[in-house]
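Visitor: Have a look at this one before I ask anything.
What follows is calculated from the coordinates using simple rules that are stated; it is not laboratory data. Predicted, not measured: the structure shown is a model, and the values here were computed from it. Cβ coordinates were reconstructed from backbone atoms using ideal geometry, including for glycine residues, and neighbour counts include every protein chain displayed.
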Amino acid sequence: MFDDHLKIMTMLKEAGEVVGRKKLQKMVFIAKKLSFPFQEKYQFHFYGPYSEELTLRIEELCNLGFLQEEKEKVSGYSQYRYMLNEEGDKMASSFGKEIPGLGQCVRSMNEQPSRFLELVSTIMYFDKLTKEQVIEKVHIVKAKLKYSDEEIQEAFSYIESLMQMKN
Amino acid sequence: MAKPLGQLHEEKVFKDPVHRYIHVRDELIWKLIGTREFQRLRRVRQLGTTYLTFHGAEHSRFSHSLGVYEITRRIMDIFHGRDQWDDSERLLVLSAALLHDVGHGPFSHSFEKVFGVDHEEFSRDIITGDTEVNSILRLMGDDFPHKVADVIAKTYPNKLVVSLISSQIDADRMDYLLRDAYFTGVSYGNFDIERILRVMRPTEDGVVIKSSGMHAVEDYIMSRYQMYWQVYFHPVTRSAEVILSRILHRAKELYEDGYVFRESLTHFESLFKGNISLEDYIRLDEGVMQHYFLLWQDERDEILSDLCRRFMNRKLFKYVDMVSISDIHELYKLFEEAGLNPKYYLIMDSSSDLPYDFYRPGEKEERLPINLLKPNGEIRELSRESDVVEAISGKRRTDHKLYFPSELIEAMDDENVKQKIKNILYK
């Protein structure tokens, strides 16, 4: 009951503030792939793994009065900023369960640019493929973003470091 | 070497209540429809438990899949000869359209949530694994099945091809809105599909709509909005879905606790153990599930038998709009005090628990919006041009309900506890 909402609140409490819906989407996806207990269903979209369920859950948390959403204009587009409000913070503290290891991973991801998290999440989406196949896939599905070999290697190393952080 | 597949000597047609006729000219498509994996979709309802609210909603994923194929086929005809469209992708797109739901399980929404499986993974496995579907697709080339799976998974390099099957205005959505409206009998799911198809144009990044067709798209968005509130989010359907998911949870929990069922669990065992094979999965359909629900009505476990009787006889849970979180916690305690297991009899259900979405333009790079093509070649996002769509985009899209068995509450012996529960639920 309400557990999945509380997990998202716990994550936001750890993060403090997340800027950008895309970033939030990728952070939850990566956390899920790291075996943190998130249940949101993801599909691959134009910009990488995306969960409609998460989008709606965030909206629900805003409507329930636990989450603060601030909309700002950035070069002609809307960008959203998320943080728990006082009620949400109380709620997460009273009913949320601690998720061991989550805080450090979340804070680290939150410091990364969205472009990098998009790459990391895309790599993790194809985790059943070999490393060579994943790299080939990234170049195909993310052709427009023109990720360099260095960025891709950095993303693989980052995934390793997240796994260590988690443990 | 196998004979390559070409055109049928004579076109085949299926009568269809939504599109009148579904036309099949390609041998490949005809053979795919005849496979056991595709025929299985006749035994999986398109709308899961919705038939308990709208009794006409018995249509299957089979008829929806044929509908998506037919819409895509018509789009191919419109794109034929246009610069941005590569006709060599035609059979790939048609195969993906036909097979996009082939991995759906019985009552798949609850089923996937409870057992942690994903129909998209099963779709890929059916297309690329040792199946009849795969053996037909391979006649088009060894890598053809993987290409079809990539289109369905949205990881195929040609974004235009992907957008025909999965975008905010795609063949899948257009068919299910029209079909679901037809079979539920509601009057608000209709829109002018002929007009939309006529104004679709291919671009490198996906389909765009000529701005002269904006009003037809507005109608489509309105239909989508109304269908969500009137059909997909219907609280009675959600009550049936809540009970269905509790049945599956209970059966799984009992199995894990070593409970001995009266009847053998042949079809469920590997699922409960978490090692379901593709063959086991293909054998599951809604007939099989309901067979077990019938049997479980007579199980010794009172919770399982009660939930199954409710589902089979449509004795659903009542609901109220969500009460505060602290009240829910209080209710939890009171239910336990009264001997009613809240895990199975006090369920909160949110709109995010449902597999449907509204149109939203979103934030840059969140997901692809619907784009309009202006006469001067400029591309504009739909809600920036349409007041109607902009108005809907800002509306509330969330809903929370609390489900409970009202007659079991009425039957509680402890009057004090009963009254406290009712005071919270009906305040």
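Visitor: With both partners inside the protein assembly as shown, how many of the DSSP beta bridges are antiparallel, as a percent to the nearest 5? All intermediate terms of the calculation are to be shown ahead of the outcome.
Guide: On the way: 35 of 37 bridges.
Antiparallel: roughly 95 percent of the beta bridges in the protein assembly as shown.
Visitor: Let me ask something additional. Output ³J(HN,Hα) for segment B:285-294: one whole-Hz value per residue in order, computed from phi by the Karplus curve 6.51 cos²θ - 1.76 cosθ + 1.60 with θ = phi - 60°, and x for Gly and Pro.
Guide: 8, 6, x, 5, 4, 5, 4, 5, 4, 4
Visitor: Using modelled amide H (1.01 Å from N, peptide plane; none on Pro or chain starts), what sits under 5 Å from the amide H of B:Lys318, excluding residues fewer than 5 places away?
Guide: The list, which skips near neighbours in sequence, is B:Phe404, B:Ser406.
Visitor: What residues qualify as long-range amide H neighbours of B:Gly206, i.e. H under 5 Å apart, gap of 5 or more or another chain, H built at 1.01 Å from N?
Guide: Correct list: B:Leu160.
Visitor: Percent of Cα-Cα pairs per 5 Å bin, from 0 to the last occupied bin, for segment B:1-126, please list those.
Guide: 2, 10, 17, 21, 18, 14, 10, 5, 2, 0, 0
Visitor: A further question follows. Would any residue of segment A:61-95 have its amide N under 19 Å from a label point 7 Å out along Cα→Cβ of B:Trp229? List them or say none.
Guide: A:63-64
Visitor: Averaged across A:53-62, how many Cβ atoms of other chains sit within 10 Å of each residue's Cβ atom? If you can, show how the numbers build up before the last one.
Guide: Details: counts 7, 1, 8, 11, 5, 2, 7, 9, 2, 1.
Partner-chain Cβ atoms within 10 Å, mean over residues of A:53-62: 5.
Visitor: Determine the shielding of peptide A:85-96 by partner chains: average, over its residues, the number of Cβ atoms on other chains within 10 angstrom of each Cβ. Provide the component values of the computation, followed by the final result.
Guide: Working: counts 0, 0, 1, 0, 0, 0, 2, 0, 0, 3, 4, 0.
Other-chain Cβ atoms within 10 Å of each residue's Cβ, averaged: 1.
Visitor: Given chain B, what percent of its DSSP beta bridges are antiparallel, to the nearest 5? Intermediate results must be reported in sequence, preceding the final value.
Guide: Values: 22 of 24 bridges.
Around 90 percent antiparallel, to the nearest 5.
Visitor: Where the only charges are on Cβ atoms (+1 Lys, Arg; -1 Asp, Glu), what is the dipole of chain B about its Cα centre, to the nearest 20 debye? Present the calculation step by step, with values, prior to reporting the outcome.
Guide: Values: 58 positive and 71 negative charges, 185 e Å.
Dipole about the Cα centre, nearest 20: 880 debye.
Visitor: Using the Cα centre of segment A:39-106 as origin and beta-carbon charges of +1 (Lys, Arg) and -1 (Asp, Glu), tell me which of A:Gly48, A:Ile99, A:Leu64 is placed farthest towards the positive end of the dipole.
Guide: A:Gly48
Visitor: Jot down the radius of gyration and Dmax of segment A:3-166, Cα atoms only, both in angstrom.
Guide: That works out to 15.8, 47 Å for Rg and Dmax.
Visitor: Then there is this: Which cross-chain or sequence-distant (5 or more) residues have an amide H under 5 Å from the amide H of A:Leu67, H modelled 1.01 Å from N in plane?
Guide: A:Cys62, A:Asn85
Visitor: Taking the 0 to 90 degree range and rounding to the nearest ten, how far is the long axis of helix B:302-313 tilted relative to the main principal axis of chain B, both from C-alpha atoms?
Guide: 50
Visitor: Under the rule of -39500 (n - 2.57) per DSSP H run of 4 or more residues, summed and divided by the residues of chain B, what mean residue ellipticity at 222 nm is obtained, to the nearest 500 deg cm²/dmol?
Guide: On the way: 23 runs with 214 residues, N = 427.
Calculated from helices alone, the mean residue ellipticity at 222 nm is -14500 deg cm²/dmol.
Visitor: Where nothing but the Cβ of Lys and Arg (+1) and of Asp and Glu (-1) is charged, how large is the charge dipole of chain A around its Cα centre, in debye to the nearest 20?
Guide: Values: 24 positive and 26 negative charges, 67 e Å.
Rounded to the nearest 20 debye, it is 320 debye.
Visitor: A further question on this structure: For chain B, compute Rg over Rh where Rg is the Cα radius of gyration and Rh is the Kirkwood radius from the inverse mean 1/r over Cα pairs. Intermediate results must be reported in sequence, preceding the final value.
Guide: Numbers: Rg = 23.7 Å, Rh = 23.5 Å.
Radius of gyration relative to Kirkwood radius: 1.01.
Visitor: Loop only by DSSP, 16 or fewer other Cβ within 10 Å of the Cβ. Give me the trypsin sites (Lys or Arg not before Pro) in segment B:213-299 that pass, ordered by residue number.
Guide: On the way: sites: B:Arg224, B:Arg238, B:Arg246, B:Arg250, B:Lys252, B:Arg262, B:Lys273, B:Arg283; in loops: B:Arg262.
Here the trypsin sites (Lys or Arg not before Pro) that fit, given the DSSP loop and packing criteria, are B:Arg262.
Visitor: Could you list the square roots of 5 times each eigenvalue of the Cα gyration tensor of segment B:3-73, that is, the equivalent ellipsoid semi-axes, sorted largest first and rounded to whole Å? Don't skip to the answer; put the middle values down first.
Guide: Values: eigenvalues 142, 38, 12 Å².
With the √(5λ) rule applied to segment B:3-73, the semi-axes are 27, 14, 8 Å.
Visitor: With equal scatterers on the alpha carbons only and no solvent term, can you work out the Debye log10 of I(q)/I(0) for segment B:98-200 at 0.13, 0.18, 0.24 1/Å?
Guide: The Debye formula, applied to the Cα set alone, gives -0.61, -1.01, -1.22.
Visitor: Rounded to the nearest 20 debye, what is the charge dipole size of the protein assembly as shown about its Cα centre when +1 sits on each Lys and Arg Cβ and -1 on each Asp and Glu Cβ?
Guide: Working: 82 positive and 97 negative charges, 181 e Å.
In debye, rounded to 20, the protein assembly as shown gives about 860.
Visitor: Next question. Determine, from the Cβ-Cβ distance of B:Val320 and A:Lys90 and an R0 of 30 Å, the FRET efficiency 1/(1 + (r/R0)^6), rounded to the nearest 0.05. Walk me through the intermediate numbers first.
Guide: On the way: r = 24 Å, r/R0 = 0.80.
E(calc), rounded to 0.05, equals 0.80.
Visitor: Given all pairs of different Cα atoms, what value in angstroms does the Kirkwood hydrodynamic radius of segment B:64-139 take?
Guide: On the way: mean 1/r = 0.0716 Å⁻¹.
Taking the inverse mean of 1/r over all distinct Cα pairs, segment B:64-139 comes out at 14.0 Å.
Visitor: Here is a further query. Over all distinct alpha-carbon pairs, what is the Kirkwood Rh of the protein assembly as shown in angstrom?
Guide: Numbers: mean 1/r = 0.0390 Å⁻¹.
After inverting the pairwise mean of 1/r, the radius is 25.6 Å.
Visitor: Once the cut-off is 22 Å, how many percent of the Cα-Cα pairs in segment A:1-86 end up in the long-distance tail? Each step should come with its number before you reach the end.
Guide: Working: 797 of 3655 pairs.
The proportion of pairs with Cα distances above 22 Å equals 22 percent.
Visitor: Still on this structure, I have one more. Using a simple spin-label model with points 7 Å from Cα along the Cα→Cβ vector, what separation in nm is obtained for A:Tyr77 and A:Glu151?
Guide: Spacing of the two 7 Å Cα→Cβ label points: 1.4 nm.
Visitor: So which of A:Lys146/A:Lys166; B:Lys318/B:Lys343; A:Lys22/A:Lys142; A:Lys90/B:Lys422; A:Lys32/A:Lys142 end up more than 18 Å apart, counting from Cα to Cα?
Guide: Values: A:Lys146/A:Lys166 30 Å; B:Lys318/B:Lys343 16 Å; A:Lys22/A:Lys142 15 Å; A:Lys90/B:Lys422 27 Å; A:Lys32/A:Lys142 22 Å.
Long pairs (Cα-Cα over 18 Å): A:Lys146/A:Lys166; A:Lys90/B:Lys422; A:Lys32/A:Lys142.
Visitor: While we're here: Which three extents, in angstrom, do the Cα atoms of segment B:234-311 have along their principal axes, listed largest first?
Guide: Over segment B:234-311, Cα extents along the principal axes are 34, 28, 18 Å.
Visitor: Which of A:Met109, A:Val138, A:Val74 sits farthest toward the positive end of the charge dipole of chain A, with +1 on the Cβ of Lys and Arg and -1 on the Cβ of Asp and Glu?
Guide: Farthest towards the positive end: A:Val138.
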